Amino acid sequence: MNVIEFIREKRRNLQHQNDQFIAKLEPKFKNLSNLFNNKITMPFRNTLNNPWFSQFSPVDAEESKTEKVLIQVPEAEKTYKSLLEKMDTVTFVGEWHAVEQECIDQFAEVTGDKQWIHTDPIRAAKESPFKATIAHGFLTLSLIPKLTNSVDLDNNPYPEAKMVINFGLNQVRFPYPVKAGTRVRASIKLVNLVPMKRSIEVVNEVSIEVENSKRLACVAETVLRLYF
């Protein structure tokens, strides 16, 4: 046997031993993986199956059932059809609102975020690249109800709904800072609708623009649930 054949034989033997080793270990790893997955997901399965939790779930019970044809209550169907006509269009443009230093200071006091870029106008004028104090990003975000008039009881955009719930946010970005004393306004674009039997999920893209700037202060996808 020459050197080349010897090396080939050793390589075949090594590969065979390696294959046997993997074959022996694979079932053990599979069992460990299943055990790990069960440990991780069990608490969530227990929570979701808990009778107490299900009584207070904000999600329609009908969502958990697979239905070929969705039959909405009349009020929900009427609102859904009306909103569907506004899909991918700007449905609201608000008035300009000034974000003053007093407002920023109050937000800093409530949240505990008193970083000098927000609360110290003298230092900000000297050291900040913006040469002024700026509003907290979350302050800008928290102004959405005011900027979109969603808190105006006399101007309800969903009059047929018995209750409107803030269901959360899909995503939020703060592309540009809001300097103290700057005016901002918001616009709403309807981007998605999810009909359910007694409710509708409404996803709006809210854009907050800064006066005299081409860049937006905030872009957020808000999620509302309308209940009928």
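In table form, for the structure just shown:
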| quantity | calculated |
| --- | --- |
| Computed lengthening from LYS162 to GLN115, 0.36 nm per intervening residue step minus Cα-Cα distance | 12.8 nm |
| Segment PHE92-LEU153, extension gain: residue separation times 0.36 nm, minus the distance between their alpha carbons | 20.4 nm |
| Selection from PHE138, VAL93, PRO159, by position along the positive dipole direction of the range 74-178 (Cβ) | PHE138 |
| 1.4 Å probe accessible area per residue over the range 88-144, in Å² | 60 Å² |
| Which listed pairs, of LYS114/LYS189; LYS146/LYS197; LYS86/LYS197; LYS162/LYS189; LYS86/LYS179, have C-alpha distances above 26 Å, in listed order | LYS114/LYS189; LYS146/LYS197; LYS86/LYS179 |
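The values are calculated or read from the model by the stated rules, or taken from the named source; none is laboratory data. The model shown is predicted, which means the values in this text are computed figures rather than measured ones. So basically every Cβ, Gly included, is an ideal-geometry build from the backbone, and we count neighbours across all protein chains shown. SASA here: full protein model, heavy atoms, side chains in, ligands and nucleic acids out. Shrake-Rupley method; radii C 1.70, N 1.55, O 1.52, S 1.80 Å.
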